[in-house]
Number of protein chains: 2
Amino acid sequence: MPTADRISLNTATVREQWSLAECIEGCQRHGIGGIAPWRDKLHEMGTAQAAKAIRAAGLEVSGLCRGGWYTAEGALTQGVRDDNRRAVDEAAEIGAACLVMVVGGLAEGSRDLAGARAVVEEGLADTLDYARAAGVKVAIEPLHPMYAADRACVNTMGQALDICDRLGHGIGVACDAYHVWWDPELKRQMLRAGPERLLAWHICDWLVPTRDLLTDRGMMGDGVIDLPLLASWAAEAGFEGLHEVEIFSALDWWTRDPDEVLATIVERGATVC
Amino acid sequence: MPTADRISLNTATVREQWSLAECIEGCQRHGIGGIAPWRDKLHEMGTAQAAKAIRAAGLEVSGLCRGGWYTAEGALTQGVRDDNRRAVDEAAEIGAACLVMVVGGLAEGSRDLAGARAVVEEGLADTLDYARAAGVKVAIEPLHPMYAADRACVNTMGQALDICDRLGHGIGVACDAYHVWWDPELKRQMLRAGPERLLAWHICDWLVPTRDLLTDRGMMGDGVIDLPLLASWAAEAGFEGLHEVEIFSALDWWTRDPDEVLATIVERGATVC
């Protein structure tokens, strides 16, 4: 169970309430050891200033969210390639442990899932070339299969690691309990990833019932995921990074006082994760 | 693309509008070749009378929905075993091609997914013994991973077929496009199932956006699933049964004139499936 200094705050968790500057201050106030900004918050603050503030606060950066979305324009375009290269530069500038990739789903009007997956792999290869030179690790985040159409067509750890096998060094996975907890292959694939490729460990909880496909994720302990068990598998796989808390919660946590949110994260981290 | 006589109507598709007797008459009126009753509709009509009416209408029975729910009371109870045996008897009485199993999710308050899966396998083994003697095929339906907590902890074709491998003859899978379309392993697992174990082929469509986890499924052609491709894999696997249309749609198809629903099913079957 992680103490506060082993927890990282993904800014999406308080995205409706706080700027990145406020998140950084909040992490300091609550003794949280790391942060994982989303790019919109980063751009709002300015990457150079954010990098400076994060360093000054003594926070680790468990990841930058997010690159990817390779299928946004159907075929892979120069615009998409360039945006991902900018994301790599930003990840390098803030010293992120990895650049987290939400790879994109089906293009508008398309039913060609195999085609989308091919575009994604082509895009990842392009970004990876650039990221290797920049010394940034690329982390594919397999998203829950309910997002296959509209957010990410990489949907299991096994599928993500097959891509990593083909693309070679410098690329791994960001494993989010919410997306993968159901997978009968999960433990085996986490061990397959190993310390070199298990680049991030994201936590929140699966609520029953889940009222919205995207924005009804739960605080750790409020749902059905056996987070201590999954964390033990991450440890067994050699993962030594932070436990990054990322909760999309339009109906609950996004409506609360963010200091209450962070206090709850710290408390739950110590008891149920 | 199936003509009407190669389509089966799962009664859930018009469950808010029609009794089983009305479904049987509706299938005849629209030239639909088969039916798959849910047990509540069957009990309402009476199994013996339903069997007689289905035979008189010349309809095939592509399946009986549903047995399973082995985790309903935590550990496997005699009550759950008995209910599944009654389902086997009913499937035999109406001449169903298979008894479709929605196996159940986590028990109330539990986070023990591996434990739930063990209970399910124990339950399936019990039902299978009885079903073999009754000459009824048992079909595990892997449900979409978004139902792992509350409906079924068997979530991929590969996982279901591993169970079949362990339990032996007389058990296979009911493959529903809605639940499995996203799976990178799908084609390989359908071929692995083969004609002996691919016992049912269910169709509907995945809508973008999906507004509800359970009851916002789409009419074939209205979503993003490449149904002709998936049907070609079913055919390649040796499946020769009916294309069973099962659409949970509280916001749309359950509110329409059921004759319009059936006419649309026949039209879409001929063009997009």
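All of the numbers you see were taken from the coordinates with simple rules; none came from a lab. Just so we're clear, the structure is a prediction, and the values are computed from it rather than from any experiment. Don't worry about glycine lacking a Cβ; one is built from the backbone with ideal geometry, like all the others, and counts go over all protein chains shown.
Where does the charge balance sit around residue B:235 when Lys and Arg score +1, Asp and Glu -1, over other residues with C-beta under 13 Å from its C-beta? Summing Lys and Arg as +1 and Asp and Glu as -1 gives 0.
So what's the net charge close to residue A:176: Lys and Arg +1, Asp and Glu -1, counting the other residues with Cβ under 9 Å from its Cβ? Value of the local net charge: -3.
Overall, chain B carries a charge dipole of about 420 debye about its Cα centre when +1 sits on the Cβ of Lys and Arg and -1 on the Cβ of Asp and Glu, all other atoms neutral. Think of the range A:4-272 as a dipole: +1 on every Lys or Arg Cβ, -1 on every Asp or Glu Cβ, centred on the Cα centre; then among A:147, A:113, A:224, A:113 lies furthest on the positive end. Taking the label point 7 Å along Cα→Cβ, residue B:74 and its counterparts in the other copies are spaced 5.7 nm apart, in ascending order. The fewest-to-most ranking of B:144, A:30 by surrounding Cβ atoms within 10 Å reads A:30, B:144. Only one residue of A:214, A:258, A:31 has its Cα farthest out toward the positive end of the dipole of the range A:4-272, where Lys and Arg carry +1 and Asp and Glu -1 on Cβ, and that residue is A:31. Taking a point 7 Å out from the Cα of residue A:49 in the direction of its Cβ, the residues of the range A:76-92 whose backbone N falls within less than 19 Å of it are A:90-91. What separates the residue B:236 label point from its copies, with the point 7 Å along Cα to Cβ, is 3.5 nm, written shortest first. Listed by chain and number, the lysines whose C-alpha is less than 29 Å from the C-alpha of residue B:52, apart from same-chain residues fewer than 8 away, are B:41, B:137. For the range B:4-272, averaging the sequence separation of C-alpha pairs within contact (under 8 Å, six or more residues apart) and dividing by the residue count gives a relative contact order of 20 percent. Given the rule -39500 (n - 2.57) for each run of at least 4 DSSP H residues, summed and divided by the residues of the protein assembly as shown, what is its mean residue ellipticity at 222 nm, to the nearest 500 deg cm²/dmol? Helices in the protein assembly as shown give a 222 nm mean residue ellipticity of -13500 deg cm²/dmol. Applying 1/(1 + (r/R0)^6) with R0 = 22 Å to the Cβ-Cβ distance of residue B:270 and residue B:240 gives a FRET efficiency near 0.75. The reciprocal of the average 1/r between distinct C-alpha atoms defines the Kirkwood hydrodynamic radius, which for the range A:232-273 equals 12.0 Å.
Membrane-span-like helices in chain A, defined purely by DSSP H runs whose alpha carbon atoms cover 18 Å or more axially and whose average Kyte-Doolittle hydropathy reaches -1.0, are A:113-134, A:258-272.
From the Kirkwood radius over Cα pairs of the range B:108-229, Stokes-Einstein at 20 °C and 1.002 mPa s returns a whole-number translational diffusion coefficient of 140 µm²/s. A convex hull fitted around the alpha carbon atoms of the range A:212-260 yields 98 Å³ per residue. Can you compute the FRET efficiency between residue B:21 and residue B:89 using 1/(1 + (r/R0)^6), with r the Cβ-Cβ distance and R0 = 30 Å? Round to the nearest 0.05. E between residue B:21 and residue B:89, to the nearest 0.05, is 0.90. Computed from point charges on the beta carbon alone (+1 for Lys and Arg, -1 for Asp and Glu), the dipole magnitude for the range B:55-175 about its Cα centre is near 200 Debye. The coefficient of translational diffusion for the range A:4-272, derived via Stokes-Einstein from the alpha carbon Kirkwood radius under 37 °C and 0.692 mPa s, stands at 179 µm²/s.
With all projection directions averaged, the alpha carbon convex hull of the range A:138-189 covers 3.5 nm². Counting only Cα atoms, the range B:1-143 measures 48, 30, 29 Å along its principal axes, largest extent leading. In this structure the amide hydrogen of residue B:172, modeled in the peptide plane, comes within under 5 Å of the amide hydrogens of B:138, B:139, B:140, none closer than 5 places in sequence on its chain. Towards the positive end of the charge dipole of the protein assembly as shown, with charges on Cβ (+1 Lys, Arg; -1 Asp, Glu), say which of A:233, B:10, A:17 has the farthest Cα. Farthest towards the positive pole: A:233. Shown for residue A:55: label points 7 Å from Cα along the beta-carbon vector, and their distances to the equivalent points in the other copies, 8.4 nm in ascending order. Each 20 Å bin from 0 upward holds the following percent of the Cα-Cα pairs of the protein assembly as shown: 22, 51, 24, 3, 0.
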